[in-house]
Amino acid sequence: MSSIKKPKKLFPKHTTVEEHPTTVCYKLPAVVFKYPFFNEGIQAYRMKGHAITNETLDAIDIIPNRQIELKGFIFHTSHCGSTLLVRMLQTTSHIRVISETEAINGLLLSYVLHNLPKETVQKQLKKIIESYCQPLGDEKHVIFKLTSWNVFMIDVFLELYPTTKWMYLDRKTDEVVASLKKSDGGFAQWWQQPTDILKRYFTGEGYHYTTKEAYLIHMVKLHRKQAQLHTNSHTLHTNYHTLLDDFIKIIAHFELNLSDQEIENAKKTTAFYSKSMSKTPYSIS
């Protein structure tokens, strides 16, 4: 018996980091949105032997009245439970979560490294966001979980979507720094880079860091400051230690309707490691 082919659509995969950034798009099924990180879903899809054809953002035609609804943005500090929140939201069939896509990261890095005009970046960003809102499968709502350092460009998003709901998920500075020092991921890796371009952009020209720990502490505080500076009537602040208790508040903030059973199913994901597709029981080592 031949397998039934799943419907696909063209979605942004990544954006090249250069003076004229190009957003590369793949034709993909809806299942890629169910991974902890969007690009991880693409990698898993490719590893199963599926053929991939590269296209660019221009190949996507946006039909405004046929888009699924953009419900909001999740900004956050690093190592704060944001991936767990993604996994909880992904348990429902009607919510599509775009988690830390390299299509947005590459564009924003190009913005920083090549000093691109904000208007040019916003035009491309809007097309990327709209492209992820194309209907496919049962999903009716879209939430974007951005990479932590994207909060430094929060104005780029809020100017495009001034009335869209957003939240900031925080965690105690010392806990974030301790976790980053163990994993050395995210912006912690910038410490090892031979040039200071990225570090200087985010920490500010006048800041002089002497140790990696001092750099990490400063960056975590700056993440928080950016969220506080842009807080408005569409913002929800929560934190790592109250995330589970605040889940009802979060879905209400984003105006998502979940049944009691869907909420119960979402909370069951806390028993497993959020960054793994396999149901590995969570334990504190």
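The values are calculated or read from the model by the stated rules, or taken from the named source; none is laboratory data. Just so we're clear, the structure is a prediction, and the values are computed from it rather than from any experiment. Cβ: placed from backbone, ideal geometry, glycine included. Neighbour counts: every protein chain shown.
Quick rundown of the values:
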read-out: The one condition in (1) out of contact with any helix residue (DSSP H, G or I) (no Cβ under 8 Å at 6 or more places or on another chain); (2) over 19 Å from ILE104 (Cα atoms); (3) assigned to a loop (DSSP other than H, G, I, E, B) that PRO162 fails to fulfil; value: (2)
read-out: Count of residues meeting criterion [without any contact (Cβ under 8 Å) to a residue 24 or more places away in the chain and either in a loop (DSSP other than H, G, I, E, B) or of a type in the set (Phe, Trp, Tyr) (or both)] in segment 197-230; value: 8
read-out: Residue match in segment 107-125 (condition: under 13 Å from GLN67 (Cβ atoms), of a type outside the set (S, T, N, Q) and out of contact with any Ser or Thr (no Cβ under 8 Å at 6 or more places or on another chain)); value: no
read-out: Output for segment 86-116, where each listed residue is more than 11 Å from MET153 (Cβ to Cβ), over 14 Å from the mean Cα position of the chain (by Cα) and among the β-branched types (Val, Ile, Thr); value: THR91, THR92, ILE95
read-out: Criterion (touching a Lys or Arg at 6+ places or on another chain (Cβ under 8 Å) and surrounded by 17 or more Cβ atoms within 10 Å (Cβ to Cβ)) met by exactly one of ILE52, ILE98; value: ILE98
read-out: Filter pass, SER183 being crowded, with 17+ Cβ neighbours inside 10 Å, hydroxyl-bearing (Ser, Thr, Tyr) and in contact (Cβ under 8 Å) with a residue 24 or more places away in the chain; value: no
read-out: Leading residue by the ranking (farthest from the chain's Cα centre (by Cα)) among those in segment 137-160 that are crowded, with 18+ Cβ neighbours inside 10 Å and closer than 18 Å to ILE95 by Cβ; value: GLU139
read-out: Qualifying residue in segment 29-41 (condition: at pLDDT 95 or above, at negative phi and surrounded by 12 or more Cβ atoms within 10 Å (Cβ to Cβ)); value: no
read-out: From LEU57, LEU113, LEU107, residue being of a type outside the set (Phe, Trp, Tyr), closer than 27 Å to LEU222 by Cβ and in contact with a Pro (Cβ under 9 Å, 6 or more places away or on another chain); value: LEU107
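Residue-by-condition table, conditions (1) closer than 24 Å to GLU40 by Cβ; (2) surrounded by 14 or more Cβ atoms within 10 Å (Cβ to Cβ); (3) modelled with pLDDT of 80 or more:
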position: HIS234; (1), (2), (3): no, yes, yes
position: THR238; (1), (2), (3): no, yes, yes
position: HIS241; (1), (2), (3): no, yes, yes
position: GLU264; (1), (2), (3): no, no, yes
position: LYS268; (1), (2), (3): yes, no, yes
position: LYS279; (1), (2), (3): yes, no, no
